[in-house]
Every structure is written in structure tokens, then in C-alpha cells.
Amino acid sequence: MQEKDCLFCRIINGEIPSAKIYEDDYVYAFLDIAPGQQGHTLVVPKKHSANILELDNDHGAKILEAIQKIAPAIMNAMGAEGFNVIQNNNEVAGQTVFHTHFHIIPRKVNDGMGLWAPKPYETMEKMQEVATKIIQALQ
Ligand code: 5GP
Ligand code: ZN
């Protein structure tokens, strides 16, 4: 269920302190120690999985339910008008803690946070080539 050397398992167990904001049988949510914006929260399944590909469906559904409950509260508390849900998988994508987690980051107008710089396809044909490659990989 949990791994003794996993940072987030240890936070869930209470071995490492955290600023907890929500907990139920499946989910634990606490403030990120290095927030992108004040109120940046991590929503974590209690059952250990390394990333979203290993997350079981029960925990996935409960995580989504918790996000729908927590995000409006974060927005209200922080005076934010919106929020991002960010979820990193594998080191190359910025994952640094290998226990599945979802970032909720409250957003305000002109808060200076950017997410990605768009790299448009050169042509519609190139876009379709990429779609075809992914569809083939799904077979
Ligand atoms: P990742 O980069 O894996 O998507 O996100 C991991 C997040 O965990 C980072 O945003 C980082 O600031 C946060 N984090 C790392 N160690 C701790 C900790 O000990 N306590 C808390 N509250 N957050 C942590
Ligand atoms: Zn863990």
C-alpha cells in the first residue's frame, strides 16, 4: 500500500509534517513547500503509485472528486479566478517525487505564470502525420 522510502507516503503517514488541507479514505492534500503561487496544493492518492499510469481507477476517481471539492475552496481562500491542474510523469517531464500527485495552482489575472510556449505544426499535413503515428501506437 505504501513505501517506506517514499516522501509522500511518509507525509501521508504523518512521519513528515505537512500543511494538510484535506483528507479522506483515498486522498491526502497539502500545500506544496515551494509554491508556484500562494495556495499551490498537492493532491495525492493514499495508495502508493509511481505515476498516473500506475494509479488505480478507484483512486483516480476519488482524486478527481477531491480536486472538484478543493479547487473552489483554494480559489475562494486565495481570491483567485481560476486554477491549473498539473500532473508530471517521469523525470523528463519535471517529476521529482515518484508518488503520483496532482498540483492545483490558483491563478489570478497578470500573475506572471506561463505554462508553455506553443510550437505550431508547419502544415496541416504534418499535424495529421503526428495524429496517425499516435493512433498507430494505440493499436
Ligand atoms: P513534481 O515536480 O514531482 O511534479 O512535484 C513535486 C512537488 O513536491 C514540488 O512542487 C515540490 O515543491 C514539492 N515538495 C517536495 N518535497 C516536499 C516536502 O517535503 N513537502 C511539501 N509540502 N512539498 C514538497
Ligand atoms: Zn508513496
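Quick one: is K46 basic (K, R), surrounded by 15 or more Cβ atoms within 10 Å (Cβ to Cβ) and within 19 Å of I16 (Cα to Cα)? So K46 passes the test. Out of K133, K62, K69, one residue alone is surrounded by fewer than 15 Cβ atoms within 10 Å (Cβ to Cβ), in contact (Cβ under 8 Å) with a residue 12 or more places away in the chain and not in a loop (DSSP other than H, G, I, E, B). It is K69.
Taken over the stretch 102-130, the criterion of being surrounded by 10 or more Cβ atoms within 10 Å (Cβ to Cβ) and either in a strand (DSSP E or B) or free of Cβ contacts under 8 Å to residues at least 24 places away in the same chain (or both) is satisfied by F102, H103, I104, I105, P106, R107, Y121, K126, M127, Q128, E129, V130. Within the stretch 74-101, the set of residues being surrounded by fewer than 18 Cβ atoms within 10 Å (Cβ to Cβ), in contact with a Phe, Trp or Tyr (Cβ under 7 Å, 6 or more places away or on another chain) and within 19 Å of Q38 (Cβ to Cβ) comprises just one member, V85.
Given the condition part of a strand (DSSP E or B), in contact with a Lys or Arg (Cβ under 9 Å, 6 or more places away or on another chain), within 10 Å of ligand 2 (Cβ to nearest atom) and farther than 21 Å from M113 by Cβ, answer yes or no: does some residue in the stretch 37-48 qualify?
Residues of the stretch 37-48 that are part of a strand (DSSP E or B), as a first pass: 41-45.
Going one step further and asking which of them are in contact with a Lys or Arg (Cβ under 9 Å, 6 or more places away or on another chain), we end up with 45.
From what is left, the residues that are within 10 Å of ligand 2 (Cβ to nearest atom) are 45.
Now restrict to residues that are farther than 21 Å from M113 by Cβ: 45.
Scanning the stretch 37-48, I find at least one residue that is part of a strand (DSSP E or B), in contact with a Lys or Arg (Cβ under 9 Å, 6 or more places away or on another chain), within 10 Å of ligand 2 (Cβ to nearest atom) and farther than 21 Å from M113 by Cβ, so the answer is yes.
In the stretch 49-58, the qualifying residues are those that are charged (D, E, K, R) and either buried (at least 19 other Cβ atoms within 10 Å of the Cβ) or not in a loop (DSSP other than H, G, I, E, B) (or both), and the one that is farthest from the chain's Cα centre (by Cα) is D58.
Of everything in the stretch 1-41 that's acidic (D, E) and surrounded by 13 or more Cβ atoms within 10 Å (Cβ to Cβ), which residue is farthest from the chain's Cα centre (by Cα)?
Here the residue is E3.
Values quoted throughout were computed directly from the atomic coordinates according to the rules given, and no laboratory measurement underlies them. Just so we're clear, the structure is a prediction, and the values are computed from it rather than from any experiment. With ideal geometry, Cβ positions are generated from the backbone for all residues, glycine too; neighbour counts draw on all protein chains shown.
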